[in-house]
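None of the figures in this text is laboratory data; all of them are computed from the coordinates on show. Not measured: the values here are computed from a predicted model.
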Amino acid sequence: MVTLSRNLLIITLISMLGTAVAQEVPDLALMKTLPINLDAESSEFDRMKNKLHFRGLTITQGPLSIKADEATATRLDFEDMRWEFSGTVIIENAATTAQCDYAEILFREHRISSAVMRGQPVTFQQLRIDETQLTRGHANLMEYDVDSGIIKMTDDAWLSDGANEVSGNRISYDLIREFIIANADDDGQVRMKIIPPENSLPKIEDRIKP
């Protein structure tokens, strides 16, 4: 386990992850033109609370899908509407998948704009551009901004590229550029674990033998 000061963090993370070609930037203008499909096992309207309630809901739009045990909204609208999803919530967008217990998702101009996800913990994974390795992360709170492509992880945040791990109270991950920005814990440090490649382990073991 290696602990890093805030000043060394950016340089170290760039060295750790190497140079990456950016993920394809989503065409947000095109997303607005794609139809939104909604399927549910059941639905009902609560006139007292002025809320639509869905069970077994699936929403799809192009490469985006949202599945949840339950969902509520004040009206069936994606122009400027905040939806709440609960139970087992799974959000998939291209090569990225997130799972949580509760999500509050804002739709603007007929596309998803942002999502706030809570869970014990919230998890996500992304198939990286080489299509052979997964980046995984978890935290108790995640905030996803679709326009910027950035996920902000807060409260017991952890991220791994399959070879190295970063943990801290707050970690931001750029899904498009595959770039990490981490903030220090209360003790002023970010923790990183460097895991040697499997093919290097025999050489390391030989060196430490008495």
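What the table below lists for this structure:
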{"item": "Length added when fully stretched, residue 92-residue 77, from 0.36 nm per residue minus Cα-Cα", "result": "3.3 nm"}
{"item": "Karplus-derived HN-Hα couplings along segment 92-107 (A = 6.51, B = -1.76, C = 1.60, θ = phi - 60°), whole Hz, x at Gly and Pro", "result": "10, 8, 6, 8, 10, 10, 10, 9, 8, 8, 8, 9, 10, 10, 9, 9"}
{"item": "Segment 45-110: C-alpha gyration tensor shape, a/c 1.5 cut-off, then a/b vs b/c", "result": "oblate"}
{"item": "Cα shape, segment 104-183, gyration tensor, a/c 1.5 rule", "result": "oblate"}
